[in-house]
Every structure is written in structure tokens, then in C-alpha cells.
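K.L.:
Starting off with a structure, shown below.
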Amino acid sequence: MKITLNGNVVEFEGGLTVAELLKKEDVDMPDMVSVELNGEILDRDSFGDQLVKDGDTVEFLYFMGGGC
Amino acid sequence: MIVKLDQRLYEKMLAQAKEEFPNECCGLVAGESGEDIIEVKEVFPMTNLDASAEHFSMDPKEQFAVVKEIRCLGYDLLGNYHSHPFTPSRPSYEDKRLAYDEGAIYFILSLKKRDEPVLNAFKIKGRSEVTKLEVKIVEGGEFNE
């Protein structure tokens with residue numbers, strides 16, 4: 001399947017959940033990542049169940065924060 | 001590795017830091033990465049959801065919108081910046097603990113001495129190993145290595 005991931009068209013074999021996609025993208029700590037699927041921000045609890053389908057647009061980014 | 005930052009963009013960050021003082025301000029940094037030089041092309045002030053003098057966190061919805069804007073401009077997301085209203089320009093324990101993106105550049109603007117602000121840029125590996133980058137603030141894009 002082909003999806004648009006962070007602005008780039010990428011191809012994967014077979015179906016994937018969001019959690020599996022993040023793993024393939026070397027995201028070590030998915031709990032610290034926000035994911036937008038077709039314009040909707042996903043609840044982190046759904047990463048393991050939410051399927052990514054052919055033609056989907058996925059964006060992910062790391063939590064950004066800090067302190068002094 | 002040298003980070004080239006236009007004076008205008010530095011002033012933009014500084015103005016935001018002063019305006020949001022005593023709270024920390026934050027924002028995203030976009031530009032172009034070369035082999036030896038990273039050139040900052042734009043900075044994007046963001047909302048500090050914490051509205052705190054001691055910590056900051058960005059709003060993911062706002063982050064997604066700005067990241068798409070950065071892409072439309074043809075730039076890369078280089079990293080982020082935040083201010084330290086009362087402490088030096090170095091990654092705090094909290095900054096390191098929350099540095100999940102090893103590819104990002106973390107700019108820290110200290111207002112500890114209000115008349116002598118200090119800006120530094122860092123890479124943070126493994127949420128502990130800090131490397132300071134050289135920042136060159138240039139006037140109107142002029143830059144000599």
C-alpha cells in the first residue's frame with residue numbers, strides 16, 4: 001500500500017497499525033509521539049488498533065517540551 | 001557544524017521571550033541542512049501550553065499546522081527553541097529528559113541577565129549526551145565562514 005507519511009509518499013507491504021508503522025519508522029517511544037491520520041489527531045491508546053490504509057495521510061511528531 | 005541564524009530571526013525570538021517573560025516562550029525552527037552548515041530560514045512562535053516560568057510544552061495541533069507550513073515553504077523542521085527566563089542557556093535536566101528527537105536542534109535563549117541575553121544551540125543524544133553547536137548570528141543573510 002502507498003501512504004503519505006510526513007509529506008512523503010512511501011510504500012509498505014500489507015496492512016499496518018499505527019503502532020507498527022511507528023516501529024518501522026524507528027520511533028522508540030510512541031507514547032511521546034502525536035499522530036495525525038487524515039487530518040485527525042489520534043488518541044495514543046488507539047495506536048495498537050488503528051489500521052493505516054492505502055491512500056492514507058499520516059503525520060507524526062515528537063512531543064516538544066522542557067523546563068529550566 | 002555551524003548554525004547560521006539571521007539577526008532578524010534572533011530578534012524575533014528575543015522579542016517573544018521578553019514579551020512572554022516571566023514565562024518560558026517556545027517555538028519551532030525551520031531551515032536547510034547542509035553538510036557543514038545549517039541555515040535557519042524562519043522561526044515560528046508557538047503557544048506554551050504550560051504558561052509557566054519553569055517549563056513548556058507545545059500544542060500538537062499547532063505543531064502539525066506549523067510543520068505543514070514549513071513543508072509548504074520548502075524548508076525542513078530543524079528543531080525548536082525555548083527561553084530560560086531565570087537560568088543559563090544550557091539544557092536542564094528536564095530539557096534532556098524530554099529530548100525525544102535526537103535529530104532536532106534545541107535552541108535555548110537565556111534571559112538570566114536581561115540586558116545580556118544568551119542564545120545557544122544543542123543536540124541531545126540518548127536524552128543525556130549534550131553537544132553544543134556553534135551559532136553564528138548574521139546580518140541580512142551575510143555570512144563568511
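The values are calculated or read from the model by the stated rules, or taken from the named source; none is laboratory data. Nothing here was measured: the structure is a model prediction, and the numbers come from that model. Counting neighbours? That spans all protein chains shown, and the Cβs are built from the backbone with ideal geometry, glycine included.
K.L.:
Only one of (1) within 13 Å of chain A (Cβ to nearest Cβ); (2) part of a helix (DSSP H, G or I) is not met by B:Y10, so which one is it?
P.N.:
Unmet for B:Y10, out of (1) within 13 Å of chain A (Cβ to nearest Cβ); (2) part of a helix (DSSP H, G or I): (1).
Here is a yes/no grid of residues against (1) under 26 Å from A:D28 (Cβ atoms); (2) among the charged types (D, E, K, R); (3) surrounded by 17 or more Cβ atoms within 10 Å (Cβ to Cβ); (4) modelled with pLDDT of 95 or more:
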position: B:A53; (1), (2), (3), (4): no, no, yes, yes
position: B:M58; (1), (2), (3), (4): yes, no, yes, yes
position: B:H82; (1), (2), (3), (4): yes, no, yes, yes
position: B:A121; (1), (2), (3), (4): yes, no, yes, yes
position: B:T131; (1), (2), (3), (4): yes, no, no, yes
position: B:V135; (1), (2), (3), (4): no, no, yes, yes
position: B:G141; (1), (2), (3), (4): no, no, no, no
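K.L.:
Follow-up. For the stretch B:5-41, give me each residue that is among the charged types (D, E, K, R), modelled with pLDDT of 95 or more and farther than 11 Å from B:L78 by Cβ. Can you show your working first?
P.N.:
If we filter the stretch B:5-41 for residues that are among the charged types (D, E, K, R), which is where we start, we get B:6, B:8, B:11-12, B:18-20, B:24, B:32, B:35-36, B:39, B:41.
The next check asks that each one be modelled with pLDDT of 95 or more; those that pass are B:6, B:8, B:11-12, B:18-20, B:24, B:32, B:39, B:41.
Once the filter is applied, which keeps residues that are among the charged types (D, E, K, R), modelled with pLDDT of 95 or more and farther than 11 Å from B:L78 by Cβ, the stretch B:5-41 yields B:D6, B:R8, B:E11, B:K12, B:K18, B:E19, B:E20, B:E24.
K.L.:
Spot the failing condition for A:G14; the list is (1) touching a strand residue (DSSP E or B) at 6+ places or on another chain (Cβ under 9 Å); (2) in a loop (DSSP other than H, G, I, E, B); (3) surrounded by fewer than 17 Cβ atoms within 10 Å (Cβ to Cβ), and only one is missed.
P.N.:
Among (1) touching a strand residue (DSSP E or B) at 6+ places or on another chain (Cβ under 9 Å); (2) in a loop (DSSP other than H, G, I, E, B); (3) surrounded by fewer than 17 Cβ atoms within 10 Å (Cβ to Cβ), A:G14 violates only (1).
K.L.:
Looking at the structure I just gave you, is A:S46 at pLDDT 95 or above and within 10 Å of another protein chain (Cβ to nearest Cβ)?
P.N.:
It is false that A:S46 is at pLDDT 95 or above and within 10 Å of another protein chain (Cβ to nearest Cβ).
K.L.:
Output yes when any residue across the stretch B:85-104 is of a type in the set (S, T, Y), part of a strand (DSSP E or B), at the interface with chain A (Cβ under 10 Å from one of its Cβ atoms) and under 25 Å from B:P22 (Cβ atoms), and no when none is.
P.N.:
Initially, the stretch B:85-104 is screened for residues of a type in the set (S, T, Y), giving B:87, B:89, B:92-93, B:100.
After this cut, where a residue has to be part of a strand (DSSP E or B) as well, the list is none.
Within the stretch B:85-104, not a single residue is of a type in the set (S, T, Y), part of a strand (DSSP E or B), at the interface with chain A (Cβ under 10 Å from one of its Cβ atoms) and under 25 Å from B:P22 (Cβ atoms).
K.L.:
Quick one: in the stretch B:47-80, which of the residues that are in contact with a Leu (Cβ under 6 Å, 6 or more places away or on another chain) and outside any helix (DSSP H, G or I) is farthest from the other protein chains (Cβ to nearest Cβ)?
P.N.:
B:D59
K.L.:
When the stretch A:6-40 is examined, which residues are found to be more than 22 Å from B:D76 (Cβ to Cβ) and among the β-branched types (V, I, T)?
P.N.:
Passing the criteria: A:T17, A:V18.
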